[in-house]
């Protein structure tokens with residue numbers, strides 16, 4: 001099970017289940033309380049909006065909806081595969097996320 005501390009903003013992820021299964025995108029926002037995230041151009045829904053100062057015309061807007069983190073899997077930038085994440089302490093005492101397949105550090109750019 002993926003937790004909010006394992007997936008971070010700007011990580012490249014693949015959707016594992018649902019209507020967008022197999023799609024790849026970048027995480028725009030993570031909500032650790034609800035264990036959900038918004039992924040770029042994935043899980044698009046239509047929202048009706050009234051005219052307001054920000055949107056003069058109003059109408060139907062397409063926007064990304066939240067996905068549960070359990071439906072997302074990280075793509076390692078080094079080996080370009082979907083991977084599980086481990087934790088590792090470096091010599092200087094800092095903790096980093098590591099790819100379970102190649103063992104390389106996985107940090108978002």
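No value in this document is a laboratory result; all are computed from the given coordinates. What you see is a predicted model; the values in this text were computed from it and never measured. Every residue, glycine as well, gets a Cβ built from its backbone with ideal geometry; the counts of neighbours run over all protein chains shown.
In nm², what is the average projected area of the convex hull enclosing the Cα atoms of segment 1-59? Working shown, then result.
Values: hull surface 21.8 nm².
In nm², the orientation-averaged hull projection of segment 1-59 is 5.4.
Normalised by the number of residues in segment 33-97, what is the relative contact order in percent for Cα pairs under 8 Å and 6+ residues apart? Let's see the in-between values first.
Working: 79 pairs, mean separation 16.4, N = 65.
Relative contact order here is 25 percent.
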Take the Cα of residue 62, step 7 Å along the line toward its Cβ, and report every residue of segment 24-45 whose backbone nitrogen sits under 19 Å from that point. 24-28, 38-45
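Pull out the extension gain between residue 23 and residue 92, defined as 0.36 nm times the separation in residues minus the alpha carbon to alpha carbon distance; nm, one decimal.
Working: separation 69, 0.36 × 69 = 24.84 nm, distance 3.71 nm.
Length gained, residue 23 through residue 92: 21.1 nm.
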Can you pull the one-decimal nm distance between simple spin-label points at residue 31 and residue 47, each 7 Å off the Cα toward Cβ? 1.1 nm
Expected sort for 5, 48 with the fewest Cβ neighbours (10 Å cutoff) up front is 48, 5
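Below 8 Å, C-alpha to C-alpha, sequence gap of six or more: please give me the relative contact order for the chain in percent. Before the final figure, lay out the partial values.
Numbers: 217 pairs, mean separation 25.6, N = 109.
RCO, the chain: 24 percent.
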Among 11, 91, 62, which comes first, then next, by fewest other beta-carbon atoms within 10 Å? 91, 62, 11
In whole angstrom, how far apart do the alpha carbon centroids of segment 58-109 and segment 1-45 sit? 10 Å
Largest-first principal axis extents of the Cα set of the chain (Å): 56, 29, 23
